[in-house]
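One structure is given below, encoded as structure tokens.
All of the numbers you see were taken from the coordinates with simple rules; none came from a lab. What you see is a predicted model; the values in this text were computed from it and never measured. Cβ coordinates were reconstructed from backbone atoms using ideal geometry, including for glycine residues, and neighbour counts include every protein chain displayed.
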Amino acid sequence: MAQVAQAIKPRAGGQIWKRVKLLTESPVGMVGVFLVLFWVVVAILAPWLAPYDPNANDPSTVPDHIDPMMDPTPNSVYLLGTDNQGRDLLSRIIWGSRTVLIVAPTATLCAYAVGCLLGLLAGYYRGWVDTLISRFSDIVLSFPAIVLYILIITRLGPSALNVIVAVIFIASPQIVRIVRGITMEQRELDYVTAAKMRGESSLYIMMVEILPNTRGPLIVDACLRMGYTTIQIGVLGFLGLGLPPPAPDWGGMIKDAYAMMSTAPHMSLFPAIAISSLVVGFSLLADGLREISLRD
Amino acid sequence: MLAFLVRRIVALIVTMLVVSMLIFAAFEWTPGQVARKVLGPFATQEQVDLLTEQMGLNRPAPVRYVEWVGGLVKGDLGYSSYYKTDVENIIWDRLGNTLIIASIAFAIIVPCSILFGVLAGMREGSKLDRSISIGAIVTTSVPEFASGVFLSTIFVLYLGWFPGVSSLERDGGWSIGSQLVMPVAVMVLFDLGYVVRMIRAAMVEVMMKPYVRTAILKGMGFRQVVIKHALRNAMIVSLTVILLQVNYLIGGVVVVETIFAYPGFGRMMLESALSQDVATVEAATLVIVFITVLTQTLGDLGYMLLNPRIRFA
């Protein structure tokens, strides 16, 4: 019986290399891989790449009433120029990549853990468990996301942890919907029946049998959501609800610099290019992965 | 049909009740907090207690909830501690301002997204499809505050065509019309790509249907197949997606309004939340959730009217 079940059950994993090879054939996907890897490498090597301390300010670059001629624009000492407080922009962008590449994946991963668990429970048990979880998701989804972010962060206070909590709360209902739908389909299939007849526990069936089969749609969604979460974290920073200063945070950098847009556009432009390239990378990667999943 | 309508209206009322309870619980459960927020951090405990007493906040929460909802139903939205006026004096003006840019953006997004979505989806994998799809992916991936920076650099700083601030006041010498261009452009840029991709996906699916193949095989021109058979059916799915954009355009404009200092609903929401103006935040949240749930209901209704298989089932 166990052998039959093994034969029926679609195999998880084992084809990773085939997929990586397929991805290299998609030029769009490769651009995405390059952009994301670029920022990952920058984030890892931040202490060695950044020419200055991201929070050290050089007052001699800040134009003020004493010396309005001081120039914060890019020069040979500060390659991307300095910000409104005389801090090196290049160093802040490099360290800022660390902030975003720690907070966004952590938040997305946690949202997936919660979303998958609730989605599996709702789809597998149905009945009142499903009603409870689905109604709760509906309520959360009836708020525009940004309104919920504002409400949660202004109630809890701005910090990296609270941003992660907010992302979990707001993103997991959407993941619940996807996982619940797939689980409801999968639980009717033979390999689940076989596992039940083997006497496996419900927890084992959900985690070991059903969950691996949801990965196709979820991998593409995770990639898109990673980009979306990056945007949301940037937005929170821009609205002044992100990480408390002086942490280098791309959205927050633009917020501080936007008032000086007319005299020093470089202060806003470089962080804007940084966050855009990272999100475009995630989206193109997701598109490449989607193309692959359509092929097999 | 009637049963469906009644069911959806009941669901709408239930959602609004649950949401209002959640908002009430989040903001007003602890009575001391409300008085503390009104008086600020430097008031003494006696003052806080006195105001709590005066505002009737020491009575049981369910009683206060019923009173609050009763006031809302009668149109009494409370007093805004940030704007120093009754909430209803400000909230409808702001909603009106947001509706102006939202409806202009909507009027641009709908025809453009249908055009690009159909062009991309009618021949899946063609050069045109790939370029439109990648263009759509890139524009939706650039956050609004970043595209605001890019567009401002080009059109405000270098070309000087439009103002960088859209306060709807005439003192800067810019007409109201020219002030609307930049916010609308950022909204369209961010939202258009998403709608294009959804319509493209719907179109791709329809083009693979047997009736489209039959139409092509019987010798019907490609243009006619697309317009007569495919487009109509693709629009059924797309209608829901398009209607859901109303939520983004009204609720999600916080960023755009903050960038251009536009006196709209989203910025009011942010300002009142940041300054702990409970009455305004509560009212604004309820209004925005109401709009969201209403458009969802309208979307389902439209879907049903357009799709005969569901209508007659």
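For the pair segment B:62-125 and segment A:91-147, the centres of their Cα atoms are 25 angstrom apart. Count Lys and Arg as plus one, Asp and Glu as minus one, and take only other residues whose Cβ is under 15 Å from that of residue B:245; the net charge is then -1. Each residue, residue A:40 and residue A:259, gets one label point 7 Å from its Cα in the Cβ direction; the gap between the two is 3.9 nm. If only the Cβ of Lys and Arg carry +1 and only the Cβ of Asp and Glu carry -1, the dipole of segment B:201-285 around its Cα centre is close to 1020 debye. Calculated FRET efficiency, residue B:26 to residue B:261, Cβ-Cβ distance, R0 = 41 Å: about 0.90 to the nearest 0.05.
Ordering of B:84-95, A:137-148 by packing is A:137-148, B:84-95, highest average first (other Cβ atoms within 10 Å, averaged per residue).
Can you sort B:124, A:188 by how many other beta carbons sit within 10 Å, fewest first?
A:188, B:124
Can you tell me which of A:95, A:17, A:39 moves the most in a GNM of chain A? Springs connect C-alpha atoms under 10 Å apart. Greatest mean-square fluctuation among the candidates belongs to A:17. Here residue A:207 and residue B:6 are evaluated by their C-beta separation; at R0 = 51 Å the FRET efficiency comes out at 0.80.
Mean partner shielding of peptide B:146-156, defined as the number of other chain Cβ atoms within 10 Å of each residue Cβ, is 5. Taking 7 Å steps out from each Cα toward its Cβ at residue A:184 and residue B:18 produces label points 1.6 nm apart. Amide hydrogen proximity for residue A:87: with H placed 1.01 Å from N in the peptide plane, the residues at 5 or more positions away or on another chain lying under 5 Å are A:58.
Each Lys and Arg Cβ is given +1 and each Asp and Glu Cβ -1; about its Cα centre, chain A then shows a dipole of about 1260 debye.
Applying 1/(1 + (r/R0)^6) with R0 = 45 Å to the Cβ-Cβ distance of residue B:294 and residue B:213, what FRET efficiency is obtained, to the nearest 0.05? That pair, residue B:294 with residue B:213, gives E of 0.70. For residue A:102, project a label point 7 Å along Cα to C-beta. Then give me every residue of segment A:250-289 with its amide nitrogen under 14 Å of that point. Answer for this model: A:250.
Using C-alpha pairs under 8 Å with a sequence gap of at least 6, the mean separation divided by the residue count of chain A gives a relative contact order of 27 percent. Within the listed set B:82, B:262, B:158, the Gaussian network model of chain B (springs between alpha-carbon atoms below 10 Å) gives the highest mean-square fluctuation for B:158. In this rough spin-label picture, where each label sits 7 Å from Cα along the Cβ direction, the residue B:227-residue A:138 distance is 4.2 nm.
Springs between Cα atoms under 10 Å define the GNM used for chain B, and in it the highest mean-square fluctuation of B:294, B:217, B:99 occurs at B:217.
Contact order for segment B:92-230, expressed relative to its length and based on alpha carbon pairs under 8 Å spaced 6+ residues apart, stands at 34 percent. Taken one residue at a time, the phi angles of segment B:209-224 give Karplus couplings (6.51, -1.76, 1.60, θ = phi - 60°) of 6, x, 5, 6, 4, 4, 4, 5, 5, 7, x, 6, x, 4, 4, 5 Hz. Gly and Pro are set to x. Comparing Cα centroids, segment B:193-267 and segment A:231-296 end up 27 angstrom apart.
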